[in-house]
Every structure is written in C-alpha cells, then in structure tokens.
1. Just how much of residue 142 is accessible, in Å², when a 1.4 Å probe is used and the result is rounded to the nearest 10?
2. Quick one: if the Förster radius is 45 Å, what FRET efficiency do residue 2 and residue 166 give, using the C-beta to C-beta distance and rounding to 0.05?
3. Roughly speaking, to the nearest percent, how much of the chain's 1.4 Å accessible area is carbon and sulfur?
4. Most fluctuating residue of 240, 84, 112 in a GNM of the chain with Cα springs under 10 Å: which is it?
5. Could you list which residues have their amide H under 5 Å from that of residue 209, counting only those 5 or more apart in sequence or on another chain, with H placed in the peptide plane?
6. Using only the alpha carbon atoms of the chain, find the Kirkwood hydrodynamic radius as the inverse mean reciprocal pair distance, in angstroms to one decimal.
7. Multiply the residue gap between residue 113 and residue 287 by 0.36 nm, knock off their C-alpha separation, and tell me the result in nm, one decimal place.
8. I want to check a number: in the chain, how many lysine pairs have alpha carbons closer than 25 Å, given a sequence separation of 8 or more or different chains?
Amino acid sequence: MATTVYFATNRRIAGAPEDYRNYGDAIVSPTDPNAIAYGTAFVEDADLTADTVGAITSIQYVAKGRFSDEAFGDLSNAGRNLLIFIHGFDNSFENAITRAAFNQQWFAKSGIAGADTTVVVFSWPSLGRLISLPIPQADYFHDQTTAGQSGPHIMSFLANLEPIIRKARASGRRVFLLTHSMGNWALQAAVESWFAHGNGVTQLFDEAFLAAADERYDSFSFPAESRLSDLKLLAKRISIYYSTADAVLCLSMVLNLGAKRLGQEGPHDRNDPRLFPAAQYRMVDCSSFDDYDRDFQGSHQYYRRSARARADIAGAM
C-alpha cells in the first residue's frame with residue numbers, strides 16, 4: 001500500500017522531474033514563483049515507522065508554479081482534513097516526503113477521526129545531512145540561509161493553497177500546519193513575505209503546530225509584520241512544543257551566538273496572558289517526555305518519535 005503525499009518544492013532540479021533524486025539542495029530563483037515545482041508523490045509505507053523514512057515509489061502530476069488540475073481537484077475534495085507540513089534542518093527531498101507520509105499514517109491510525117488527514121509538504125533546499133567535517137557549522141548555515149530565502153516561495157505556495165482551503169472548509173474540513181525545527185525559520189520568512197506582498201488577514205490554519213522550533217525565542221515579540229508576530233492573523237490557534245532536553249537546539253543556540261531558540265523553553269514571556277491568551281496559544285512542555293531515545297539527534301525529533309507528543313498533536317486536531 002502506498003501513501004499519497006502532495007508536495008511543492010523550491011529545490012533546483014537537474015534532469016527529469018519525475019526522478020526525486022534530481023531535487024537537490026540549491027534554491028530556484030527567489031523572485032520567480034513559477035520555478036516552484038508541484039507534484040504528487042507515492043510512498044511505500046509497509047515498514048514506515050518514526051525511525052525510518054520509507055521509499056518514494058513514484059512521482060506524478062508535476063507542474064510548475066501551481067498544483068496540477070488533478071492535484072487541485074483531489075485536494076479540494078479530499079474528504080479529510082488537510083495537514084500542511086514544513087520540514088526542518090537535515091532533510092533531503094526524500095526525507096521530507098517520507099516523513100510527511102509517516103505523519104499522515106500515524107495520525108490516521110491514532111483513532112481520532114479529525115487526525116486522519118490528507119498531507120501536503122513544502123520541501124525547501126536542506127542539504128540533508130546533520131554535520132560534516134572539517135567545518136560542521138557550514139551545513140547548518142547553508143540550511144538556515146536557504147530556509148530564510150524560501151519565505152517568498154512558501155508565501156506563493158500558501159497563496160496557491162488558499163482556494164483549496166476555502167473549498168475544504170466549505171465541506172466542513174479543518175486545516176492544520178505542522179512545522180518542525182528550522183522549518184519554523186522558513187515559516188517566519190513566509191509570514192513576513194505574506195504581509196509584505198499585501199496579502200491580508202486570512203485564517204489559513206485552524207491550528208499551527210510549531211515543534212522544536214529552531215527560530216528566535218522572541219519571534220512573537222517583534223513588531224507587526226516581522227518574524228512570527230503576525231502568525232496569529234493566519235492561524236486560529238498556535239501550539240508551541242518545546243523541550244529543555246533538546247540537545248540539537250542547544251548546539252543551535254551556540255551557533256547563533258547565544259540566541260535562545262523558540263523550541264527550548266517556548267517563547268519569550270510565554271506566561272503573560274496578555275501576550276499569549278490561552279484561547280489562541282497552547283504551550284506544550286515536552287521536556288519530561290521520555291518514551292523515546294533521547295540521544296543527540298533523537299532529542300530533537302520528539303514530535304514524531306514520542307507517542308505522548310504525537311498523541312497530543314492528534315488530540316488537538
């Protein structure tokens with residue numbers, strides 16, 4: 001059985017687009033939304049678990065600058081809630097697609113009807129490797145740079161999703177956003193770009209799940225139209241998952257010259273109800289979750305490896 005994953009990517013491609021191995025780690029033109037590739041991937045999920053990535057078996061319906069008519073029709077009448085996923089650091093294109101498939105499969109098997117979703121992933125040009133010698137920080141800053149440069153592309157992606165979202169809502173469906181790690185750095189750039197391009201207040205998401213965010217911890221404290229300060233104008237509710245046991249974000253803080261990360265202890269002034277009213281923000285402290293392997297890399301992956309964290313996300317859906 002295969003899992004269907006709809007995708008958009010601003011990875012530059014070399015060769016035939018139907019071969020996923022040709023989606024690399026360089027970015028397309030930042031000013032050309034028509035350079036973004038949209039398509040439908042099928043993932044073999046027989047052995048798909050939180051610790052494996054599965055395999056892409058085929059890619060179909062590839063189009064430039066927009067979803068194909070086939071994908072647009074399928075997503076508009078999916079018969080399920082929609083889950084938009086933006087991956088983090090150290091993800092190849094294949095990683096991004098197959099982890100999106102894992103998320104879809106686990107949530108579907110959670111026993112919670114609202115968590116059975118159709119998944120759409122945006123894959124930005126991460127190198128797909130954790131560190132490499134002799135300059136380990138080079139890989140990190142490559143990914144941070146391309147994540148930030150992806151803001152206008154993700155903005156275009158969301159604009160293409162907007163009519164699909166309207167159709168889904170008209171049939172009683174809900175729409176969720178799940179961003180992990182450095183995907184939140186890409187998200188803040190997209191939110192800035194959304195409003196900088198004159199797009200107005202639009203409830204794109206019923207809930208935005210920000211997991212282990214490798215983004216500034218004061219991102220919500222910036223002036224209007226900066227960083228994540230206006231995400232509240234695009235999402236009905238925002239759930240922020242953080243953990244003091246996240247070793248990867250400890251290293252990230254060092255690489256970012258001591259700037260605390262959003263996914264370490266949550267946002268700046270998180271306990272101030274005036275800034276973070278309970279009706280619009282959920283703070284989920286995952287520091288005590290110990291139902292997964294909390295080694296260096298694993299400590300950053302609790303959103304998918306911890307059954308407690310996954311169950312909390314599914315329950316919020």
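1. 50
2. 0.95
3. Here it works out to 51 percent.
4. The residue that fluctuates most here is 112.
5. Counting only residues 5 or more places away or on other chains, the set is 177, 178, 179, 239.
6. On the way: mean 1/r = 0.0518 Å⁻¹.
Taking every pair of different Cα atoms in the chain, averaging 1/r and inverting gives 19.3 Å.
7. Contour length minus the Cα-Cα distance gives 59.9 nm.
8. Total qualifying Lys-Lys pairs in the chain comes to 4.
The values are calculated or read from the model by the stated rules, or taken from the named source; none is laboratory data. Bear in mind that the values here come from a model prediction, so they are computed numbers and not experimental data. Glycine also receives a Cβ, built like all others from the backbone with ideal geometry; neighbour counts cover every protein chain displayed. Just so you know, the surface numbers come from the protein's heavy atoms only, side chains and all, with ligands and any DNA or RNA stripped out. Shrake-Rupley method; radii C 1.70, N 1.55, O 1.52, S 1.80 Å.
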